[in-house]
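Engineer: Structure below; questions to follow.
What follows is calculated from the coordinates using simple rules that are stated; it is not laboratory data. In this text the structure is predicted, and so the values were computed from the model without any measurement. All Cβ positions, glycine included, derive from the backbone under ideal geometry; neighbour counts span all protein chains shown.
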Amino acid sequence: MKPPSSHSNALVELVGVTHRYNRRETPALVNVDLTIEADSFMGVVGPSGSGKTTLLRLVAGAISPSSGIASRAPHLSIGFVPQVETVNWSFPVTALEIALMARVDRRVPWIDAETRAEAAEIFELLGIEGMQDRHIRTLSGGQQQRVFIARALLSGAQLLLLDEPTSGIDARTRHDVLHLLDKLHANGLAIMLTTHDLNSVAAHLPRLVCLNRSVIAAGEAAEVLLPEVLEATYGAPMDVLYHAGMPVVIERSPLM
Ligand code: ADP
Ligand code: MG
């Protein structure tokens, strides 16, 4: 079957995608149309339970739509960076071992010098040099996340999917993560991330999707960060101000 691609640069295309985890339940996602292009740097925002992680899993191909079509470019390599708080580190494994899971050749069960050098270069690019032999459990959330990014880069990913990459990390690390993603995007990697950080993350991304089980709006930050779109997405009244040309979302306090 030919993928229904109207976009020549599309890496992933969802057309009319609905996803139900269980047959009787209300769907987690309804009738989603979404195209991820080779030069995408896209953020998905929405309240908890709005289907952000489900959308990433559908894009990754980890789950299949209940109805509709999810198509991926042939031979597309996708790297998935999970939300670090949700990972269970009950077994001892080093940062390098995690990163090289992408490259283990079952016929040659050791790591050659060339792969080691490549890994060292990527760890340096990501600012986690010197952490290769640390147990993953002893690293901070931001560092663990970079180990997963290293794994994606070592696997030759063309599309990087990150689930809440800035949740549970401090402002400085959040800034570093965004800067790093911007650098990877400039080097040609397509990026899609979920976030509930509207002002310090979403507003800075070139393209946003507001999700609440279906796509409420998609476009540039200034086009979608509007009070009516945010209210439809979050079900709560919000105001939008402009500061230095950037939209700033303000939640209205019920005490106001
Ligand atoms: P978000 O990432 O925006 O918080 P999710 O995609 O995790 O949202 O969840 C969307 C909906 O699907 C929620 O109602 C959630 O309870 C449900 N859901 C998520 N994962 C599963 C699962 N593995 N089995 C059943 N329901 C799930
Ligand atoms: Mg989630």
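Engineer: Treating each Cα of the chain as an identical point scatterer and ignoring solvent, apply the Debye formula and state log10 I(q)/I(0) at q = 0.07, 0.15 Å⁻¹.
Structural biologist: Taken in order of the listed q values, log10 I(q)/I(0) reads -0.26, -1.14.
Engineer: Cα convex hull of segment 149-191: how many Å³ per residue?
Structural biologist: 65
Engineer: Is segment 145-249 best put as rounded, prolate or oblate by its Cα gyration tensor, with a ≥ b ≥ c the root eigenvalues, rounded for a/c under 1.5, and otherwise prolate when a/b is larger than b/c, oblate when not?
Structural biologist: prolate
Engineer: Oh, and also: Only helical DSSP H runs with n ≥ 4 go in: add -39500 (n - 2.57) per run for the chain, normalise by residue count and round the 222 nm mean residue ellipticity to 500 deg cm²/dmol.
Structural biologist: After summing the helix terms and dividing by residue count, I get -8000 deg cm²/dmol.
Engineer: Classify segment 26-91: rounded, prolate or oblate, from the alpha-carbon gyration tensor (a ≥ b ≥ c, eigenvalue square roots; a/c under 1.5 rounded; otherwise prolate if a/b is larger than b/c)?
Structural biologist: oblate
Engineer: I've got another one for you. So what's the gap between the Cα centers of segment 57-118 and segment 182-256, to the nearest angstrom?
Structural biologist: If you average the Cα positions of each part, the centres end up 28 Å apart.
Engineer: Same structure again: First select every other residue whose beta carbon is under 11 angstrom from the beta carbon of residue 44; then total the charges, Lys and Arg +1, Asp and Glu -1.
Structural biologist: Numbers: positive: 52, 207; negative: 163, 164.
Result for the neighbourhood of residue 44: 0.
Engineer: Relative to the longest principal axis of the C-alpha atoms of the chain, give the angle of the C-alpha long axis of helix 113-125, reported between 0 and 90° and rounded to the nearest 10°.
Structural biologist: With rounding to tens, the tilt is 40 degrees.
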